[in-house]
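The block underneath contains the structure these notes are about, expressed in structure tokens.
Only the coordinates and a few stated rules stand behind these numbers; no lab work does. The model shown is predicted, which means the values in this text are computed figures rather than measured ones. FYI the Cβ positions are ideal-geometry reconstructions off the backbone, even for glycines, and counts take in every protein chain you see.
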Amino acid sequence: MNAQNGMPPQPNPYQQYPPQFPPQMQRPPQQPPQKKKKKPASFWVVIITAIIALIAVVVICLLAFQSCEGGPLYDSNAASGQLEGKTPEEIQAELDRQVEEGMFNISIASGVEFADGTSEGELRIENVPGNHYDMQVTITDDSTGEVYYQTNLIRPDQHIQKDKLLKDLDPGTYECTAVFTAFDPETNEEVGQAAAKMSITVVG
């Protein structure tokens, strides 16, 4: 009691208490960073091989698609322009010549001489500028039917001046037929043929 006023002592509203802190959360133990595993050399070899194989398949498919469209590929031996040895007047006359749609002109040497069976001969094959079609030329032996020479496609205003035969022929003269097969340049479909008699002479 309060000795002065006879009342019991009151609790001190400002009594201090010790601070309370929440328990600290425990962090999970940290694991050391894992090192990235390097790919073995065989892995990269397999990847590179697969890429090369894929590229090869794409190229083969493109070539097969073009072949299946109805005709052969273009001839890498064909040169642009008209045959060598023509006069300016002959070149201009050929440029001025108009070939009717559905028709075509053929041009090849009537006789070709080869020094031996593996040498080049001056075939003088030409797809003249006025033609509307790509050409393939096949030379066959009149007596046996054997193919001695064949081009791939030759565009208009291209020619093959010289080339080798497909077979090493023995010395002699061979009577042959050159068949020009015309292909539509847009559809690659065969549209017609024309033939010319010629001879091949192998000297030695």
Roughly how many nanometres apart are two label points built 7 Å out from the Cα toward the Cβ at Thr144 and Asp170?
-> 0.9
Where Lys and Arg each count +1 and Asp and Glu each count -1, what net charge lies around Val179 among other residues with Cβ under 13 Å from its Cβ?
-> -2
For peptides 80-93, 114-127, 43-56, sequence by mean Cβ density within 10 Å, most packed first | 114-127, 80-93, 43-56
Under 20 Å from the Cα of Lys164 - aspartates and glutamates, other chains or at least 8 residues apart = Asp75, Glu84, Glu113, Asp116, Glu120, Glu122, Glu126, Asp141, Asp142, Glu146, Glu175
